[in-house]
1. With respect to residue 75, determine if the residue is on the phi < 0 side of the Ramachandran plot, touching a strand residue (DSSP E or B) at 6+ places or on another chain (Cβ under 9 Å) and among the hydrophobic types (A, V, I, L, M, F, W, C).
2. Any idea how many residues of the range 91-111 are among the polar types (S, T, N, Q) and assigned to a helix (DSSP H, G or I)?
3. Which pairs turn up if I take residues in the range 101-114 that are touching a residue at least 24 places away in the same chain (Cβ under 8 Å) and buried (at least 16 other Cβ atoms within 10 Å of the Cβ) and look for partners that are of a type in the set (Lys, Arg) and in a helix (DSSP H, G or I) with beta carbon separation below 6 Å, at least 6 apart in sequence or on another chain?
4. Search the range 16-30 for residues that are under 11 Å from residue 43 (Cβ atoms) and pair each with any residue that is exposed (fewer than 10 other Cβ atoms within 10 Å of the Cβ) and among the small types (Gly, Ala, Ser) when their beta-carbon atoms are under 9 Å apart and the residues are at least 6 apart or on different chains.
5. What residue, among those in the range 112-138 that are in a helix (DSSP H, G or I) and out of contact with any helix residue (DSSP H, G or I) (no Cβ under 8 Å at 6 or more places or on another chain), is farthest from residue 77 (Cα to Cα)?
6. Any idea which of 88, 50, 57 is part of a helix (DSSP H, G or I) and either at pLDDT below 95 or in contact with a Cys (Cβ under 7 Å, 6 or more places away or on another chain) (or both)?
7. Scan the range 81-103 for residues that are of a type in the set (D, E, K, R) and within 18 Å of residue 56 (Cα to Cα) and jot them down.
8. May I ask you to verify whether residue 79 is within 23 Å of residue 43 (Cα to Cα) and modelled with pLDDT of 95 or more?
Amino acid sequence: MAKETHVSAQENGQSAFAVDIEVGTHLLRGDEPAAMGGGDLGPAPFDLLTAALAECTAMTVRWYARKHAIPLDRVRVEVVHQARQEPTAEGKSDAFSKKVVLDGSRLSDQQRAKLIEVAAKCPVQRTLERGSVISTRF
């Protein structure tokens, strides 16, 4: 059976676009920046998507380091999302650029290379790369 994630977003009236987002037992707030007509009360949708990629990458690297007893002190991931006006030759309009910083004075070059390889295999990245099927109903 496929793993399911259930999320709900509901307007909260605190700005033109502000929503309360329920993810399991967690409550988040989303909004658009003031320049887009929102109140900047929380991250915008593409901010959350970009954050999900950074979070997943960091967690995947940490998981692999723990599983293989790699002496990684800390991992930091920075992600930049760009929505292009014109699609690439492959038909892709969005681009994500990831920078993975691995702290650990005892890491070998081989371990660093493996962790960077693993960083490209996080589930969120794989989902973004292969695309998804989205159905809408009422």
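1. yes
2. Step one: filter the range 91-111 for residues among the polar types (S, T, N, Q), giving 93, 97, 105, 108, 110-111.
Adding the requirement that they be assigned to a helix (DSSP H, G or I) leaves 110-111.
Selection size over the range 91-111: 2.
3. Between residues of the range 101-114 that are touching a residue at least 24 places away in the same chain (Cβ under 8 Å) and buried (at least 16 other Cβ atoms within 10 Å of the Cβ) and residues that are of a type in the set (Lys, Arg) and in a helix (DSSP H, G or I), the close pairs are 102/112.
4. Close Cβ pairs satisfying both conditions: 21/8.
5. First, pick out the residues of the range 112-138 that are in a helix (DSSP H, G or I): 112-119, 123-130.
Within this subset, residues satisfying the condition of being out of contact with any helix residue (DSSP H, G or I) (no Cβ under 8 Å at 6 or more places or on another chain) are 112-113, 116-117, 126-127, 129-130.
Values: 112: 14, 113: 15, 116: 11, 117: 14, 126: 16, 127: 18, 129: 18, 130: 21 Å.
Within the range 112-138, the match that is farthest from residue 77 (Cα to Cα) is 130.
6. Details: 88 fails: part of a helix (DSSP H, G or I); 50 fails: either at pLDDT below 95 or in contact with a Cys (Cβ under 7 Å, 6 or more places away or on another chain) (or both).
It is 57.
7. 98, 99, 103
8. Values: within 23 Å of residue 43 (Cα to Cα): yes; modelled with pLDDT of 95 or more: yes.
It is true that residue 79 is within 23 Å of residue 43 (Cα to Cα) and modelled with pLDDT of 95 or more.
The values are calculated or read from the model by the stated rules, or taken from the named source; none is laboratory data. Only a predicted model underlies this, so the values are computations on that prediction, with no experimental measurement involved. Here the Cβ is made from the backbone with ideal geometry for all residues, glycine too, and neighbour counts use every protein chain on show.
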